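Accompanying notes for the structure given below.
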């Protein structure tokens, strides 16, 4: 059998980041998915009720891509009491022409964090005002920071406002981003304050109680919601989608089941009014057409993104001679 | 993060085989599955039509087992023209209490072959006559040989008859088994000849045209069908199940969809007449109650078996210091 490449988190962190090539790799998959050319089964889920855990498996084949990623994500919510992170996972990459295992990517969730942040930048690139300068980020976790760092690749940002339930975490992230990106950054005490005057807002929390409502919107705002990926999660009140001029989702069917479209459709939003990000990228659907529109994009995450980032990471690692080769 | 163990096929072949402990490990999972205590989602399938390929993912959580296997199987049918096997795959093992990756098992399908053969022995142990001595094996591939080798662990065999479409392969397997097991072994030209006088018959082919019919049955025969695991596959004509006194399946719902129960139910067999192997093992359903009954067991394969064999293989490899340790 051909050799297999084993990559650990440090290899992957050295190989891929939030650059233009990575962003282009993520951008390229959406039109393939929207055109129905990907083979992407529903998420497989194994429940482990005794340990408040679950294992999810995502995968996608994209015609023309050299690899097929199979991603296994674990979420075990008693782990912190054992000194372990709640979330973990890894990806396997298989040759798309032969099915032969190419690589094991022990990324501990790094590649998922990365592709999610890059997707936020892709959405903003296609939907936010070209002159957007002010970003509000809701949440202060790893993904909140990554979303802002990815956005500087597509817009010339000068101000960041962070809102988080834990005020100290919000302040720490604001300080970190100010130092790192050379922007003005501050934490605010309310969601409404954070959104006031923002050109782009990104919601990054696992909440089940929506905290963005239509009253907080203003002309020209673009909102990307990345937190909701399960039946019970919701960041945007249903009236946000009803009030928006343009509603976009990475996958409309998945968003209607697991994302922000779920509650909105229940409240009367017509899913035929939503368009897929792939259609906007391909030029088959209009995105923002005037500076004053309110645009919303819901990202629930897809196996296609995993395949895109994993194939790029393997290519980069092979070029740089990173990782361990294993004869299987 | 805790270290991860990387095991390749040679490690696994040195660690686990067709012994009593392995058989007991496989036997133990069926009552758990039948009792509904396993978390075992439907098989996930990624189609790769451009390369006549597919990738299947199976998994199961069994309460009390230390690991959860996620198995990825690849079948790419243009591979032989590239000098590669059509079938391949690997398993990942996750800690069932924390979800942390424990091991990558690059087994190239060896563990699947093994657990399938062990399941055949478990079925025969519970359903064949205690004095069974003569085995007919239909097919001459890897699984055909393994089924016979596993059966010697549960019955005192003295005669093996092989039938295969490729007569030379049938003769070669018969010679191999005669040498290895010290039994009389021969190849026959017809399925009816192979079954004539057999106490146990095992069908191991991927055929879509059933080759065992009710006329070939005789009192006291036990038949195990391991080949069918997809909608189009079928080894036993529907009248075989209608004629049998006892019909058993590893999972009735899966067998009705992908196994021998599919065609039988379409032909009028009442699925309520079938019992699960787990119920027989647990003593909740009778198996064979008289020496003259005809018994049939359909095995379609489950993620629970993968979890059982993978956790045992990892335990054995760790005890023996096999494999490579990776800090992830």
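Each reported figure results from applying straightforward, stated rules to the coordinates on display, with no laboratory input. If you're wondering where the values come from, they're calculated on a predicted model, not measured in any experiment. Using ideal geometry, Cβ is built from the backbone for each residue, glycine included, and neighbour counts are taken over all protein chains shown.
Oblate is the label for region B:86-153, because a/c, from the alpha-carbon gyration tensor with a ≥ b ≥ c as root eigenvalues, is 1.5 or above and a/b does not exceed b/c. Determine the percent antiparallel among the DSSP beta bridges restricted to chain B, to the nearest 5. Bridges in chain B that DSSP calls antiparallel: roughly 50 percent. Each other copy places its own label point for residue B:290 at 8.6 nm from this one, sorted shortest first, where the point lies 7 Å along the Cα-to-beta carbon line.
Taking every DSSP bridge with both residues inside the protein assembly as shown, close to 50 percent are antiparallel.
In nanometers and ordered shortest first, the copy-to-copy spacing of the residue B:321 label point, defined 7 Å from Cα toward Cβ, is 3.2.
Per-residue shielding of A:67-78, expressed as the average number of other chain Cβ atoms within 10 Å of the residue Cβ, stands at 4.
What value, in deg cm²/dmol to 500, does the helix sum -39500 (n - 2.57) over DSSP H runs of n ≥ 4 give at 222 nm once divided by the residues of chain B?
-10500 deg cm²/dmol
The mean number of Cβ atoms from other chains found within 10 Å of a Cβ in peptide A:99-108 is 6, as a whole number. What's the Kirkwood radius of region B:127-301 in Å, using all Cα pairs? Taking the inverse mean of 1/r over all distinct Cα pairs, region B:127-301 comes out at 15.9 Å.
When the alpha carbon coordinates of chain B are projected onto the principal axes, the ranges are 59, 43, 42 Å, largest first. Closest approach of a chain A Cβ to the axis relating A and B (residue, whole Å): A:44, 2. For the peptides A:186-196, A:113-123, residues were scored by their other Cβ atoms within 10 Å and the scores averaged per peptide; the highest-first order is A:113-123, A:186-196.
Among B:82-93, A:75-86, sorting by the average number of other beta carbon atoms lying within 10 angstrom of each residue, highest first, gives B:82-93, A:75-86.
For region A:67-209, the square roots a ≥ b ≥ c of the C-alpha gyration tensor eigenvalues yield an a/c of 1.5 or more together with a/b not exceeding b/c, which makes the shape oblate. Take the alpha carbon gyration tensor of region B:1-139, find the square roots of its eigenvalues, order them as a ≥ b ≥ c, and report rounded if a/c is under 1.5; if not, report prolate when a/b exceeds b/c, else oblate. Oblate is the answer for region B:1-139, as a/c is 1.5 or above yet b/c matches or exceeds a/b. A straight line joining the Cα centroids of region B:208-228 and region B:280-328 runs 23 Å. Helix A:142-151 and the longest principal axis of the Cα set of chain A meet at an angle near 80°. Each copy carries a label point for residue A:268 at 7 Å from Cα toward Cβ; from one copy, the others' points are 5.8 nm away, ordered from shortest. For the protein assembly as shown, the equivalent ellipsoid derived from the alpha-carbon gyration tensor has semi-axes of 53, 24, 22 Å in decreasing order. Secondary structure note: in region A:129-248, about 0% of the DSSP beta bridges are antiparallel.
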